[in-house]
Amino acid sequence: MNKKRNSVEFKITGRYALFSDPVTRVGGEKFSYQIPTYQAIKGILESVYWKPTLIWYIDAVRVMKKIQTASKGIKPIKMSGGNELSFYTYLRDVEYQVLAHFDWNYQRDNLKNDRDEHKHHNIAKRTIKKGGRRDIFLGTRECQGYVEPCKLGEEKGFYDQYGEIDFGVQFHGYDYPDETGKDELGVRLWRAKMKDGIIEFPSLQECDSSLRRYIRKMTAKEFESGRNFSFVDKDPSLADLLNGEED
């Protein structure tokens with residue numbers, strides 16, 4: 001795994017996680033994948049720190065604890081009324097180490113003045129130390145998660161020297177207009193594998209085109225300075241992170 005100069009490393013922990021397999025949701029049940037999806041980890045990192053100026057990319061995830069599941073009876077809200085019992089299968093007692101980096105959102109030329117790598121990288125690291133800017137959820141809202149700094153590879157993991165495990169074809173993530181430059185929403189699948197506890201995600205360009213599907217037309221959200229966007233150095237809520245001590 002090659003670390004980039006703007007890479008960040010952090011640990012995610014939680015009592016439960018639900019990275020639901022879409023195949024199992026048809027009948028109203030939810031069953032978690034055994035490992036987190038690329039999109040779920042990206043969503044967690046965007047909850048920690050995100051600006052439309054940049055795009056986060058997940059390089060690798062290390063599974064620290066033994067994969068365990070727990071089932072719960074859930075009464076989902078039915079807008080038509082009535083009660084219905086569903087069973088959701090969660091992952092239990094999870095811990096992951098993550099390596100990620102960011103690149104600029106080149107679809108947004110109006111934000112190019114905010115492309116300061118040093119500034120964004122240091123703010124991201126300080127925000128990880130503080131546990132993120134928004135609440136962290138592991139796949140679904142009822143699964144609260146926690147974020148803290150770490151170094152990928154530190155501490156002993158359950159799957160160290162375990163060998164390779166093949167999880168088959170799984171959901172990888174969504175293709176959004178900001179990433180593809182196309183006015184459409186797509187979905188990516190991939191053949192998930194874990195070696196000695198480490199899952200190395202392929203880049204978006206390396207994902208198998210035969211496992212990509214078009215969903216619908218979609219345009220990127222517009223961001224306008226002073227209306228629904230402010231530059232980092234002009235955002236009062238980030239003043240303590242911007243002016244903090246560098247690592």
Give the residues of the range 92-110 that are of a type outside the set (D, E, K, R), out of contact with any Lys or Arg (no Cβ under 6 Å at 6 or more places or on another chain) and surrounded by fewer than 20 Cβ atoms within 10 Å (Cβ to Cβ), sorted by residue number. TYR106, GLN107, ASN110
The residue that is farthest from GLU154 (Cα to Cα), considering only those in the range 1-57 that are of a type in the set (Val, Ile, Thr) and in contact with an Asp or Glu (Cβ under 8 Å, 6 or more places away or on another chain), is THR53
Output the qualifying pairs, or none if there are none: Cβ atoms under 7 angstrom, residues six or more apart or on different chains, first residue in the range 106-126 and of a type in the set (Asp, Glu), second residue part of a helix (DSSP H, G or I). ASP114/VAL232
Is the range 40-49 home to any residue that is within 12 Å of GLY139 (Cα to Cα), surrounded by 15 or more Cβ atoms within 10 Å (Cβ to Cβ), at pLDDT 95 or above and touching a Ser or Thr at 6+ places or on another chain (Cβ under 7 Å)? no
Flag for GLN39 being in contact (Cβ under 8 Å) with a residue 40 or more places away in the chain and part of a loop (DSSP other than H, G, I, E, B): no
Tally, over the range 159-210, of residues that are in a helix (DSSP H, G or I) and under 22 Å from TYR106 (Cβ atoms): 5
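Let's see how each residue does on (1) out of contact with any Gly (no Cβ under 7 Å at 6 or more places or on another chain); (2) hydroxyl-bearing (Ser, Thr, Tyr); (3) at pLDDT below 95; (4) more than 30 Å from MET218 (Cα to Cα):
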site	(1), (2), (3), (4)
TYR88	yes, yes, yes, yes
HIS101	yes, no, no, no
ASP109	yes, no, yes, no
ASP114	yes, no, yes, no
HIS121	yes, no, no, no
LYS125	yes, no, no, yes
PHE137	no, no, no, no
GLU142	yes, no, yes, no
GLY153	yes, no, yes, yes
Is at least one residue of the range 202-210 in contact (Cβ under 8 Å) with a residue 40 or more places away in the chain and under 20 Å from LEU54 (Cα atoms)? yes
Which ranges mark the strands (runs of 3 or more DSSP E) fully within the range 54-122 that have 1 or more residues being over 21 Å from the mean Cα position of the chain (by Cα)? 69-74, 86-104
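The values are calculated or read from the model by the stated rules, or taken from the named source; none is laboratory data. Predicted model, so just to flag it, every value in this text is computed and none were measured. Methodologically, a virtual Cβ is constructed for each residue, glycine included, from the backbone with ideal geometry; neighbour enumeration extends over all protein chains shown.
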